[in-house]
1. Between GLU59 and ARG85, how high is the FRET efficiency from 1/(1 + (r/R0)^6) when r is the Cβ-Cβ distance and R₀ = 30 Å? Nearest 0.05.
2. What is the Cα convex hull volume of region 31-95 when expressed per residue in Å³?
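No lab work stands behind these numbers, since they all come straight from the coordinates. Bear in mind that the values here come from a model prediction, so they are computed numbers and not experimental data. Backbone-built Cβ (ideal geometry, glycine too); neighbour counts: all protein chains shown.
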Amino acid sequence: MRRQSSIPRLARRRRPASAALLAAVTAATLAGCTVASDPGEITIEYFAAYPGVATLLAEQHCAKFGKQAKLVQIGPQDTYGIGIRKRVSVYSCIDGGAGADKAPAKP
């Protein structure tokens, strides 16, 4: 006879979610890292193959202050001894959150 869990539905649902969560946290941790930040700008080190990670982190940082992230500088690729290619980019937080491009509504 097969032994069954005391809560079979919970056990079946939790495994895939836990694996996905672990994979997402690991990817986010390894893919990008904030080097320095303040309300006006953020400097991010990230894997060169994944520039979108830096943009996402910058957008999230600037959104905390009601601003938008604008790429100011991309550093050269650094290759470490084991073949990992990384870059450092600087983003400026500019005024005008989401929808700032739109013209004001006429009365």
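1. Working: r = 23 Å, r/R0 = 0.76.
In this case the efficiency is close to 0.85.
2. 64
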